[in-house]
Each structure stands twice: as structure tokens, then as C-alpha cells.
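For reference, the structure discussed in these notes is given below.
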Amino acid sequence: MAQPKVSIIVPVYNVEKYLDRCIESIVNQSYENLEIILVDDGSTDASAAVCDSLSESYPQVRVVHTENRGVSAARNTGIATATGEYVMFMDADDLLKDEALKSLYIPDQDFVVAGFEKVTASSVVKYLPDVSEAYEGTESICDFFDMMIKEEQCYLLNSPCFKLFRRSLIAEKSISFVEGLSYAEDKLFVFTVMSKCSSIKTFAGDVYAYYMRPGSLGSDISSDKHLQQLYVFLPLYASVLSAIVERCPNTPKVLGLYRKDLIGRYICRMLNVYA
């Protein structure tokens, strides 16, 4: 059976010292039918030149240069440019593990979730699905939520990385990243996909190395900018969670997520910023 094409979308903004390593981790995959879409989001360092050099070195690499509009707009540009049956997202300072695409690809699934390792200056921690399993139909997908929602939070569901998305589902359901939102925009995208997909597959292995670096918006939880982002995010997230609750009304962890994550985490965080 011929491999379906996978489009890997990498937003690029001032990451010149990481980009070569990231792209090498993709082109070294044994899975060959892929395209790498680098969306240069108006970088002010040498990232644009590095992108162009990579496209000259590797036929799989396509480059789109845009003005600076943020990570959500860059990912949407990548989706619009993609020609693969499946799309995957990477951050330009992260790495794809050996045989990641071979492990991730499961035929005829809307959405595939694997594990990752979080790398900091002092530790490496793995987050993995409990099992490798296929979930098809509403009842089975409710079982997926029950398995994936943990007591702390949904580490495996908060990022669009280390996942495959069927591109036709994204197009048919008009799913996109919310432009202007740079906090939890990735989580919102993943949860929107989960509210609309018909089949999900998990792979209980790590396929991705996520490098946690200081200074990101995600690590800033007390500024006015963060508060403004929460104002945009909260009603959108509430709507998506409501759709998932409606789909799985008898799944305790889904109901708990609405209470603990939406109210206990985000609304309390807003109150804390005010305080």
C-alpha cells in the first residue's frame, strides 16, 4: 500500500539556531512521502535565509514568507498550503524522534495521538497514552476521553504537535487556529478537532521531543497581556467543551474537565491576575 502524503507544518519566527536541527530530524525519517512547510512569520533574524537554504538542500521543503502575524496565522497558512492527506505540526525548536512518522501513521483515522518527552535544563519527562488503541464512533470516543483526561490536566491533548490530523476533516469542518490568540490556541484547535472527529487512534510511545524554554507566553500567567488572551480564549474553550460534554454526557472525566479546567484553572487564574 502506498504511503499517504504527510504535510509537516513548522511556523518559523527568530529560531535560526534551532531550525537546521529540527528539519534534519524530519528529513531523516524513514517515512518518505512527506512535505515540510516552513512558514516564516516575518522573522527579523537569519531564519528566513535558513529556510531558503533548507529548501535548496531538501526537495521536501517548501517555504512561505509572510509578514509577522503570529503563530496561529502561520499555522493556518501552512494548512492552506498543505497538499498531504494528513497534517502534522511542529515547533521549530523541537525534534521529531526516529521512526516517529512510521509509528504515527495509522490508515483511515481522523486523528492520531502519540506521546512526547518534555525536555528542560534539568530533566526529561515522558508523557504517553496508556494504550495503543483505535476508537471509532461516539461511545468509543467517550472511552478515549476517559482514558486521556488525567487528574492534573490533559498534557497529551494540549498541543497540536506529536499528532496527525486528517486534512479533509479540517477542511470539511472549517477548523482553524484562532488568529490573534497566542495562548492556548493549540489546545483550542485540538479540542475542536476532538469534538468533530469520528475516529481516533492512540500510540503508546513517544515520537516528539518538546524543549521547554523560558520566556514563552505560556509561562507568563500574571501579565495584562495574559489576561487579554484569557478573555479571548475562555468563551471559545467553553463552547468547545460544551460540545464535547453534549457528545459524552455520561463521561465523568469530561464533566470534570469542564469544572476543573475551565472554571478551576482558567477562571481562577483570571481572578488571580486581578488580585
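Annotations
- Elements of type helices (runs of 4 or more DSSP H) contained in segment 35-122, each with 3 or more residues being within 19 Å of Cys161 (Cα to Cα) and of a type in the set (A, V, I, L, M, F, W, C): 71-81, 100-104
- Options Cys268, Cys248: the member that is open to solvent by 50 Å² or more (accessible area, probe 1.4 Å) and either modelled with pLDDT of 85 or more or within 21 Å of Tyr155 (Cβ to Cβ) (or both): Cys268
- Residue within segment 219-237 that is touching an Asp or Glu at 6+ places or on another chain (Cβ under 6 Å), modelled with pLDDT of 80 or more and open to solvent by less than 50 Å² (accessible area, probe 1.4 Å) present: no
- Entry remark, segment 29-42: residues being open to solvent by 20 Å² or more (accessible area, probe 1.4 Å) and among the hydroxyl-bearing types (Ser, Thr, Tyr) number 1 in total.
- Test for Lys163: is it of a type in the set (Lys, Arg) and open to solvent by 60 Å² or more (accessible area, probe 1.4 Å): no
- Looking only at segment 132-167, and only at residues there that are modelled with pLDDT of 95 or more and among the basic types (Lys, Arg), the one that is nearest to Ala204 (Cα to Cα): Lys163
- Summed over segment 65-76, the residues that are farther than 18 Å from Glu16 by Cα and either of a type in the set (A, V, I, L, M, F, W, C) or open to solvent by less than 30 Å² (accessible area, probe 1.4 Å) (or both) give a count of 4.
- Those residues of segment 104-126 which are closer than 21 Å to Leu169 by Cα and either surrounded by 19 or more Cβ atoms within 10 Å (Cβ to Cβ) or among the basic types (Lys, Arg) (or both), in sequence order: Leu104, Tyr105, Gln109, Asp110, Phe111, Val112, Val113, Ala114
- Selection count, segment 110-139, where residues are farther than 30 Å from Leu19 by Cα and in contact (Cβ under 8 Å) with a residue 12 or more places away in the chain: 9
- Conditions (1) touching a residue at least 40 places away in the same chain (Cβ under 8 Å); (2) surrounded by fewer than 16 Cβ atoms within 10 Å (Cβ to Cβ); number of the one not met by Tyr58: (1)
- Of the candidates Val178, Val207, the single residue that is part of a loop (DSSP other than H, G, I, E, B) and among the hydrophobic types (A, V, I, L, M, F, W, C) is Val178.
The values are calculated or read from the model by the stated rules, or taken from the named source; none is laboratory data. Just so you know, these numbers come straight off a predicted model, no measurement behind them. Backbone-built Cβ (ideal geometry, glycine too); neighbour counts: all protein chains shown. These accessible areas exclude ligands, DNA and RNA; they are computed on the full protein's heavy atoms, side chains included. Shrake-Rupley method; radii C 1.70, N 1.55, O 1.52, S 1.80 Å.
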